[in-house]
Amino acid sequence: MRKKFVAGNWKMHTTRQTAVHLAQQIVEAVGQETAVDVAVCPPFPYLLPVREVLAGSRIALGAQNVHPEPQGAFTGEVSPVMLLDCGCQWVIIGHSERRRGLGEAHEFIRRKLVAAVQHGLQAILCIGETKQERDDSQTFAILRAQLQDSVMALTADQLTKVVLAYEPVWAIGTGVNATPVQAQEVHSWVRDWLGQHFGSGVAQRLRILYGGSVNSKNAASLLAQPDVDGVLVGGASLQAMEFITIVQAAKG
Ligand code: PGA
């Protein structure tokens with residue numbers, strides 16, 4: 001039985017004050033939740049103040065990006081070692097806003113994934129197709145390439161530190177979520193692919209989240225799908241009540 005996982009991706013939003021306040025509201029409402037795993041991923045400058053708020057709760061801290069190297073001359077970058085030092089357990093890797101918006105290549109994403117896992121971080125690895133790719137019936141070819149270029153660099157044991165997030169690009173921040181049927185179709189395909197490459201035991205244990213315009217109204221029906229093991233929430237995670245309701249929905 002895979003435990004549901006709800007992660008909030010705050011992206012480049014909040015101020016120090018609103019980040020702390022949002023974290024406080026989440027801790028108050030679901031901070032001792034045991035039936036669902038919960039994580040929040042604030043912007044880098046707010047990791048430490050948010051960590052203080054999360055202390056003593058069961059809410060995990062995550063970052064939105066990481067560089068593959070542990071240290072060095074990489075202006076503006078943050079290493080896995082630094083994230084661990086700031087109390088992060090999770091890091092988001094391969095988000096389409098970085099793949100497509102910032103031109104991150106497969107190879108760079110693979111290096112980040114391997115480095116994160118080797119250093120002891122858990123990764124939320126995002127994959128997903130664009131609208132054009134879906135219209136051209138390329139969805140599975142795109143996902144296959146994204147998976148092949150990333151998770152194939154991991155051992156089955158390292159893969160236990162990874163959660164996948166199916167995030168169709170056309171659903172991110174658009175208000176148009178994948179339907180539960182569309183999400184389930186992709187998630188079960190991803191699980192089959194994992195089974196072929198890592199064995200069915202690994203595939204059955206690995207959690208696959210859905211992300212893209214998840215909110216308090218559509219979360220329950222997405223989470224009711226057998227292969228949807230949680231959600232990665234962007235916009236709605238910035239409103240405490242929305243996020244808390246989504247966590248409650250994940251309890252089933
Ligand atoms: P959204 O973003 O919920 O605002 O669509 C999801 C994500 O990008 O992780």
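If each residue's Cβ is checked for other Cβ atoms within 10 Å, how do Phe198, Phe44 rank with the fewest at the top?
By the 10 Å Cβ count, ascending, the order reads Phe44, Phe198.
Taking R0 as 25 Å, what's the FRET efficiency between Met1 and Ala220 from their Cβ-Cβ distance, rounded to 0.05?
On the way: r = 18 Å, r/R0 = 0.73.
It comes out at approximately 0.85.
Hey, can you grab everything whose amide H is under 5 Å from the amide H of Glu33? Only 5+ residues off in sequence or another chain; H modelled, so Pro and N-termini drop out.
Arg58
Give me the extension gain from Phe74 to Gln239: residue separation times 0.36 nm, minus the current Cα-Cα distance, reported in nm with one decimal.
Difference between extended and current length: 56.0 nm.
Residues with beta-carbon under 11 Å from that of Asp37, excluding Asp37: net charge, scoring Lys, Arg +1 and Asp, Glu -1?
Taking every Cβ under 11 Å from that of Asp37, the sum is +3.
Between the range 1-52 and the range 200-240, what's the alpha-carbon centroid distance in Å?
Value for the Cα centre distance between the two parts: 16 Å.
Suppose R0 equals 35 Å. What FRET efficiency, 1/(1 + (r/R0)^6) with r the Cβ-Cβ distance, do Phe140 and Gln89 give to the nearest 0.05?
Numbers: r = 31 Å, r/R0 = 0.89.
About 0.65, to the nearest 0.05.
Within the set of other residues whose C-beta is less than 13 Å from the C-beta of Lys11, count the net charge using Lys and Arg as +1 and Asp and Glu as -1.
After counting each charged neighbour, the total is -1.
For the pair Asp157 and Glu185, how long in nm is the line joining their label points, each one 7 Å along Cα→Cβ?
Result for the modelled spin labels: 3.9 nm.
If you stretched the chain out fully between His197 and Gln118, how much longer would it get, using 0.36 nm times the residue separation minus the C-alpha to C-alpha distance?
Length difference between fully extended and current span is 26.4 nm.
Positive end of the charge dipole of the chain (Lys, Arg +1 and Asp, Glu -1 on Cβ, about the Cα centre): tell me which of Ala55, Trp193, Ala156 has its Cα farthest that way.
Working it through, the farthest residue towards the positive pole turns out to be Ala55.
Please give the contour-minus-distance gain from Glu28 to Gln132: 0.36 nm per residue of separation, less the Cα-Cα distance, rounded to one decimal in nm.
Details: separation 104, 0.36 × 104 = 37.44 nm, distance 4.21 nm.
Between Glu28 and Gln132, full extension yields an extra 33.2 nm.
Less than 19 Å from a label point 7 Å out along the Cα-to-Cβ axis of Arg58: which backbone N atoms in the range 1-32 qualify, by residue?
Hits in the range 1-32 for Arg58 at 19 Å: 1-8, 23-32.
Please list log₁₀ I(q)/I(0) at q = 0.11, 0.13, 0.17 Å⁻¹ for the chain, using the Debye equation with identical point scatterers on the alpha-carbon positions.
One equal scatterer on each Cα of the chain leads to -0.52, -0.75, -1.37.
When a footprinting reagent is the concern and you count Cβ atoms within 10 Å, what order do Tyr210, Tyr46, Tyr166 take, fewest first?
Working: Tyr210 33, Tyr46 21, Tyr166 25.
Ordered by Cβ neighbours within 10 Å, fewest first: Tyr46, Tyr166, Tyr210.
All of the numbers you see were taken from the coordinates with simple rules; none came from a lab. None of these values were measured; they are calculated from a predicted model. Positions of Cβ are generated from backbone atoms using ideal geometry, with glycine treated the same way; all protein chains shown enter the neighbour counts.
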